[in-house]
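Okay, so here's the structure we're looking at.
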Amino acid sequence: MASQKEQEHVGYDFNRIEKKWQTYWAKNQTFKATNKSDKPKFYVLDMFPYPSGAGLHVGHPLGYIASDIVARYKRHQGFNVLHPQGYDSFGLPAEQYAIQTGQHPAKTTKENIARYREQLDRMGFSFDWSREVRTSDPSYYKWTQWIFLLLFDHYYCIEADKAMPISTLVNRFEKEGNYSVNAVSDPHVPSFSASEWNAYSNEKQQQILLGYRLTYLSDTEVNWCAALGTVLANDEIINGVSERGGHPVTKKKMKQWSMRIGAYAERLLSGLDRIEWPEPLKEMQRNWIGKSIGAKVFFQVEAHEAKIEVFTTRPDTIFGVTFMTLAPELELVQQLTTPDQQKAVEEYIEKTRQRTERERMADVKSCTGVFTGSYALHPFTAERIPIWIGDYVLADYGTGAVMAVPCGDQRDFDFAKHFNLPIKNIFKSVSIEEQAYSEKENAVIDNSDFLTGLSHKEAMKTVIAALEEKGCGKGTINYRLRDAIFSRQRYWGEPIPVYYVKGIPYPLSSEDLPLELPEVQKYLPTEEGAPPLGNATHWAWDTLTKTVVDNSLIDHQSVFPLELNTMPGWAGSSWYFYRYMDAQNSREFVSLEAKNYWQDVDLYLGGSEHATGHLLYSRFWQKFLFDLELLPVDEYAKKLINQGMILGTSAFVYRKSGTQNYISKDLLTAEDKVEPIRVDVNLVNSSDELDTAAIQNWQPQFQQATFEYSKGVFKVGREVEKMSKSKYNVVNPDEICDQYGADTLRMYEMFLGPIEQAKPWNTAGISGVSGFLNKFWRLFYDDQWRVTEAEPTKEALKITHETIKKITYDIEHFSFNTCVSSFMICVNELHRLQCYSRSILTPLTVLLSPFAPHLAEELWENLGHSHSLTQEPFPVANEAYMVEENKDYPISFNGKMRFTLSLSLDLDQEAIKKAVLEDPRTMEYLNGNTPKKWIIVPAKIINIVC
RNA sequence: GCGGGUGUGGUGAAAUUGGUAGACACGCUAGACUUAGGAUCUAGUGCUUCACGGCUUGGGGGUUCGAGUCCCUUCACCCGCACCA
């Protein structure tokens, strides 16, 4: 049998061993975590995968391997480890597959999950599968919907700086109106007294309350992707096109659910300082939140009731204002436009509306705008300031209006130059002939009435005080973070548990959750253009009659009384790490005992691509649930590591234009006109040589192909890019497991390089790791059992303890690649020393187990143990074994005596000091012409002190 | 444009606080054993030189007895944000 022959030279039978131990672990529930333990807890979490139809490729397990090493290591260290896994199983691909094939997304999702599970199991991960979650499972999304209802039922109180029940807000409105209420709200909420509030109709009251709720329904300018038929969140758009599919995105006004994440902007920002997340990722979140400190200024419009509110970070430059610019989308624009400018303004608005996001972004340089015909009055000088509109001003940042100070802002400067508007210099001894002067530090304000002569800092203070006193401005902090759109026009997502009466949304009772997805005939929008759930009319009425107690509250006139949109992908992933703590609980989202015991995630592993999506939204929900005292901490992950992506190495063949003739890469010349064509990387060997026979069966287009070989081989071109099915560069972990075994795959992925680095997959080096595991095996077996009871030599002890020390240190620092190297050195040494001593091999087996768990278990059993080594204490290095008798150790000597030994032995520092001072070489150094700052401690000193 | 990161042999990469640069592995070269194999083992392998030696961490400069590591400057590549007032 071929496989037997293979095993013969491979050394150990990984197929048998891996299957054996995977079965053993499953049967004995070896990795099941308990929610009660005397041991300290440790929670290691992976970002759960979306189960796509393509299955796992070798890039996916990278993070899982790293986290598994940590989980197993921590178990050895005596921790009660929670290491769960689940599936983020709502999502677009399953739905698009459903549209094409009519297969229910639940069915394909289930199949994909089964496939994922099979692949994950093969790699020997120590997941506690009894805690598995699936976001698309009603028993899970029940609680996602429940959290939605909580958000609906709360508002953000600025005084308390936390979320509070909407009922307390209603109480205040009834007693005092909203004049003194300090809450985060929609800017359009009117001011009212208690008597006005009490006189409002229920609809009006509900409308107002929506302006306060942490999730709310509003007409929002959204990113509409026509090709996908849905809206997209800002983080789902990359370079102006949809992240998924790369379709164009335009602005559109729609009634949408949003999440008032802006209320948490400051806490999301300050919380970053308390968590150990990668600095670049924190920086990304800081940028996304985009805090800027400045002021709001109100400009009275001449001969008009309206005031224009602007936000500026440079109120100190207010005397440099020569015009104002409004975003074209602003409603105010209609009111301000004078009759003779009407036509121009309308045309301009229409033009900007039609531009896609991408066009607008691509075209940053051109300067466009129109004069509205109106003027504003300067708050201090009452000068007339022309009001323009221009699409360089964004409607959804700040107030959508800017006071233009061309001398201090380059964009205002360019606009002024382009439209020949005046430019006034308010900076002392600075030329603004060529460009604006945007420097803050050295600016001295000039030509500015009471601000003249002040520095930027002083002027800021003075002008804000003056504005506030005059009642035409206010110091303000502005955030770039925008409220997150929460509605998706999709089928395969959590239904939003809301019904409508006269257009006003009311929540379903939490008793009636989950609101389950209905069966539908088709997964496309209805003919009226409503989302797919619009196809399930009977479902809507059934739900209402079953759940809404008061029949009179049901709007029988409505065409469709239930919410048709579903939740976005990030809803289910924003809290799943708490569900793992108590996954089976049907009464609570997580029990008090479970959350109090596990508290939070100690180590979270995942990709940095979630920086401004999942990782920000989940922090937001965390803080909200913390405010409600439903969670014990307000940051859920103490430490986060971004594993780098494993990239594919695509292969290309070159076809001579217009022919079926392919030419080997090394024969290509610059004159050749060729088209590069991707071919399956599995048909190419590690020397970039293509199997030209196999490729003719791969795709029909190659059946007629002729190949121009070079020295008998056909070379392909290579390019590193993202691993993806469509690029034919996917390497399947199953194949690696078949050929080398899971332990080899695990160690090789770690060996590839630092965990945080992106790196191309390359199978070439795997034989080194495979060889190492066989060498390890051969310390135990070489035709026969060779473990001895002999006392190890000093040398063997030294290398062993050095290895233990190094690997412990490296695991703690997530430097798994160097761990593998240390193992290799150790095993090579032991072979050289012919050391097969049980007292050496026993600790090494435990040491290896986080990396190559199957092999370690097998060897452990062969060493005579009847139980799994999972809970075995991790070996501890004894550094006394590491001292070499005839080696000198450097000690640094920085003026003062300061000892830095490469060993952390518990040495008598005073004794060393004395010995060093007495050593003749010390005086030699100290008296030498070139004073050295470091000296060598002779080995004998260490020996003396030891 | 702004913010962040990375540059070390043919390749992936090591180098705890500044202290023998290139550990470990792939690849390559030679050899041993072989029922000739993608097994195992030994030796060699940064560049340069016959050799002694010299040079070497993208380039240039600085601090230091000593710099891959710290500082300045410059170049290249990667990632994120992008008219944010």
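The values are calculated or read from the model by the stated rules, or taken from the named source; none is laboratory data. Not measured: the values here are computed from a predicted model. All Cβ positions, glycine included, derive from the backbone under ideal geometry; neighbour counts span all protein chains shown. Ligands, DNA and RNA are excluded from the accessible area calculation, which covers all protein heavy atoms including side chains. Shrake-Rupley method; radii C 1.70, N 1.55, O 1.52, S 1.80 Å.
Can you name every residue in region A:770-789 that is in a loop (DSSP other than H, G, I, E, B), under 13 Å from A:Asn862 (Cα atoms) and without any contact (Cβ under 8 Å) to a residue 60 or more places away in the chain?
A:Arg786
Taking the stated definitions as given, is A:Gly753 within 15 Å of RNA strand B (Cβ to nearest atom), outside any helix (DSSP H, G or I), at pLDDT 90 or above and surrounded by fewer than 22 Cβ atoms within 10 Å (Cβ to Cβ)? Write out each step before concluding.
On the way: within 15 Å of RNA strand B (Cβ to nearest atom): yes; outside any helix (DSSP H, G or I): yes; at pLDDT 90 or above: yes; surrounded by fewer than 22 Cβ atoms within 10 Å (Cβ to Cβ): yes.
Against the criterion (within 15 Å of RNA strand B (Cβ to nearest atom), outside any helix (DSSP H, G or I), at pLDDT 90 or above and surrounded by fewer than 22 Cβ atoms within 10 Å (Cβ to Cβ)), A:Gly753 qualifies.
Taking region A:111-124, which residues are open to solvent by less than 20 Å² (accessible area, probe 1.4 Å) and either part of a loop (DSSP other than H, G, I, E, B) or of a type in the set (Asp, Glu) (or both)?
Result: A:Met123, A:Gly124.
Pairs, please: C-beta under 9 Å, at least 6 apart or cross-chain, first residue under 13 Å from A:Ala459 (Cα atoms) and in region A:308-323, second among the polar types (S, T, N, Q) and within 11 Å of RNA strand B (Cβ to nearest atom)?
Close Cβ pairs (under 9 Å, with a partner that is among the polar types (S, T, N, Q) and within 11 Å of RNA strand B (Cβ to nearest atom)) amount to A:Thr313/A:Ser292; A:Thr313/A:Asn478; A:Arg314/A:Ser438; A:Ile318/A:Thr312.
Quickly run through region A:276-303 and pick out the residues that are at pLDDT below 90 and more than 9 Å from RNA strand B (Cβ to nearest atom).
Listed by number, the list holds a single entry, A:Ala303.
What number of residues within region A:212-226 are surrounded by fewer than 20 Cβ atoms within 10 Å (Cβ to Cβ) and over 23 Å from A:Lys351 (Cβ atoms)?
So the answer is 1.
Could you please let me know if A:Gly53 is open to solvent by 10 Å² or more (accessible area, probe 1.4 Å), within 16 Å of RNA strand B (Cβ to nearest atom) and over 26 Å from A:Ile804 (Cβ atoms)?
No, not satisfied.
Sort through A:Glu588, A:Glu593 and tell me the only one that's surrounded by fewer than 20 Cβ atoms within 10 Å (Cβ to Cβ), of a type in the set (Asp, Glu), outside any loop (DSSP other than H, G, I, E, B) and at pLDDT 90 or above.
On the way: A:Glu588 fails: outside any loop (DSSP other than H, G, I, E, B).
Checking each option against the conditions leaves just A:Glu593.
Examine region A:400-416 for a residue that is open to solvent by 20 Å² or more (accessible area, probe 1.4 Å), within 9 Å of RNA strand B (Cβ to nearest atom) and without any contact (Cβ under 8 Å) to a residue 40 or more places away in the chain, and state whether such a residue exists.
In the first step, residues of region A:400-416 are kept if they are open to solvent by 20 Å² or more (accessible area, probe 1.4 Å); the result is A:402, A:409-411, A:414.
Among the residues that remain, those that are also within 9 Å of RNA strand B (Cβ to nearest atom) are: A:402, A:409-411, A:414.
Imposing the further condition that a residue be without any contact (Cβ under 8 Å) to a residue 40 or more places away in the chain reduces the set to A:410-411.
Yes, there is a match, as at least one residue in region A:400-416 is open to solvent by 20 Å² or more (accessible area, probe 1.4 Å), within 9 Å of RNA strand B (Cβ to nearest atom) and without any contact (Cβ under 8 Å) to a residue 40 or more places away in the chain.
Kindly evaluate A:Val633 against the criterion of being more than 17 Å from A:Pro84 (Cα to Cα), of a type in the set (A, V, I, L, M, F, W, C), part of a loop (DSSP other than H, G, I, E, B) and modelled with pLDDT of 95 or more. If you could, list the steps in order and put the result at the bottom.
Working: more than 17 Å from A:Pro84 (Cα to Cα): yes; of a type in the set (A, V, I, L, M, F, W, C): yes; part of a loop (DSSP other than H, G, I, E, B): yes; modelled with pLDDT of 95 or more: yes.
Yes; evaluated as a whole, the condition is true for this residue.
One line per residue, one yes/no per condition, for (1) within 11 Å of RNA strand B (Cβ to nearest atom); (2) out of contact with any Gly (no Cβ under 9 Å at 6 or more places or on another chain):
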site: A:Tyr781; (1), (2): no, no
site: A:Arg786; (1), (2): no, yes
site: A:Glu791; (1), (2): no, yes
site: A:Ile807; (1), (2): yes, yes
site: A:Thr818; (1), (2): yes, yes
site: A:His831; (1), (2): yes, yes
site: A:Phe851; (1), (2): no, yes
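Those residues that are over 24 Å from the mean Cα position of the chain (by Cα) and open to solvent by less than 20 Å² (accessible area, probe 1.4 Å), I need them from region A:78-110; list them, please.
Going through region A:78-110, the residues over 24 Å from the mean Cα position of the chain (by Cα) turn out to be A:78-80, A:96-108, A:110.
Of everything in region A:78-110, those that are over 24 Å from the mean Cα position of the chain (by Cα) and open to solvent by less than 20 Å² (accessible area, probe 1.4 Å) turn out to be A:Asn80, A:Ala98, A:Pro105, A:Thr108.
Here is a yes/no grid of residues against (1) closer than 25 Å to A:Glu302 by Cα; (2) part of a loop (DSSP other than H, G, I, E, B); (3) among the acidic types (Asp, Glu):
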{"position": "A:Tyr348", "(1), (2), (3)": "yes, no, no"}
{"position": "A:Tyr375", "(1), (2), (3)": "yes, no, no"}
{"position": "A:Asp414", "(1), (2), (3)": "no, no, yes"}
{"position": "A:Lys417", "(1), (2), (3)": "yes, no, no"}
{"position": "A:Ile423", "(1), (2), (3)": "yes, yes, no"}
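Looking at A:Ala637, is it open to solvent by less than 20 Å² (accessible area, probe 1.4 Å), closer than 27 Å to A:Asn234 by Cβ and among the small types (Gly, Ala, Ser)?
Details: open to solvent by less than 20 Å² (accessible area, probe 1.4 Å): yes; closer than 27 Å to A:Asn234 by Cβ: yes; among the small types (Gly, Ala, Ser): yes.
Judged against the criteria, A:Ala637 is a match.
For region A:261-274, which positions are open to solvent by 10 Å² or more (accessible area, probe 1.4 Å) and more than 15 Å from RNA strand B (Cβ to nearest atom)? Let's see the steps before the verdict.
Filtering region A:261-274 down to residues open to solvent by 10 Å² or more (accessible area, probe 1.4 Å) leaves A:262-263, A:266-267, A:269-270, A:273-274.
Scanning region A:261-274 gives A:Ala263, A:Glu266, A:Arg267, A:Ser270, A:Asp273, A:Arg274.
Which residues, counting only those in region A:445-461, are away from RNA strand B (no atom under 15 Å from the Cβ) and either basic (Lys, Arg) or crowded, with 17+ Cβ neighbours inside 10 Å (or both)? Full working, then the answer.
So the first thing to find is which residues in region A:445-461 are away from RNA strand B (no atom under 15 Å from the Cβ), and the list is A:445-455, A:457-458, A:461.
Within region A:445-461, A:Ile445, A:Asp446, A:Ser448, A:Leu451, A:Leu454, A:Lys457, A:Lys461 qualify.
Kindly indicate whether any position in region A:384-393 is open to solvent by less than 50 Å² (accessible area, probe 1.4 Å) and within 7 Å of RNA strand B (Cβ to nearest atom).
Taking every residue of region A:384-393 in turn, at least one turns out to be open to solvent by less than 50 Å² (accessible area, probe 1.4 Å) and within 7 Å of RNA strand B (Cβ to nearest atom).
Name the residues in region A:165-206 that are touching a residue at least 40 places away in the same chain (Cβ under 8 Å), open to solvent by less than 50 Å² (accessible area, probe 1.4 Å) and either under 16 Å from A:Ile504 (Cα atoms) or in a helix (DSSP H, G or I) (or both), would you?
A:Ile166, A:Leu169, A:Gln206
Could you please let me know if A:Leu625 is among the aliphatic types (A, V, I, L, M), closer than 30 Å to A:Lys722 by Cα and either in contact (Cβ under 8 Å) with a residue 12 or more places away in the chain or assigned to a loop (DSSP other than H, G, I, E, B) (or both)?
Values: among the aliphatic types (A, V, I, L, M): yes; closer than 30 Å to A:Lys722 by Cα: no; either in contact (Cβ under 8 Å) with a residue 12 or more places away in the chain or assigned to a loop (DSSP other than H, G, I, E, B) (or both): yes.
No, not satisfied.
Quick check on this structure: which one of A:Leu217, A:Leu228, A:Leu209 is of a type in the set (A, V, I, L, M, F, W, C) and part of a loop (DSSP other than H, G, I, E, B)? Walk me through it before giving the result.
Working: A:Leu217 fails: part of a loop (DSSP other than H, G, I, E, B); A:Leu209 fails: part of a loop (DSSP other than H, G, I, E, B).
Matching residue, one of A:Leu217, A:Leu228, A:Leu209: A:Leu228.
So, restricting to helices (runs of 4 or more DSSP H) that lie completely within region A:799-892, which ones have at least 2 residues that are open to solvent by 30 Å² or more (accessible area, probe 1.4 Å) and touching a residue at least 12 places away in the same chain (Cβ under 8 Å)? I'd like the intermediate steps shown before the answer.
Details: elements: A:816-833, A:838-848, A:853-862.
Correct list: A:816-833, A:838-848.
Residue under question is A:Ser650, and the condition is that it be hydroxyl-bearing (Ser, Thr, Tyr), touching an Asp or Glu at 6+ places or on another chain (Cβ under 7 Å), open to solvent by less than 70 Å² (accessible area, probe 1.4 Å) and not in a helix (DSSP H, G or I); does it hold? I'd like the intermediate steps shown before the answer.
Values: hydroxyl-bearing (Ser, Thr, Tyr): yes; touching an Asp or Glu at 6+ places or on another chain (Cβ under 7 Å): yes; open to solvent by less than 70 Å² (accessible area, probe 1.4 Å): yes; not in a helix (DSSP H, G or I): yes.
It is true that A:Ser650 is hydroxyl-bearing (Ser, Thr, Tyr), touching an Asp or Glu at 6+ places or on another chain (Cβ under 7 Å), open to solvent by less than 70 Å² (accessible area, probe 1.4 Å) and not in a helix (DSSP H, G or I).
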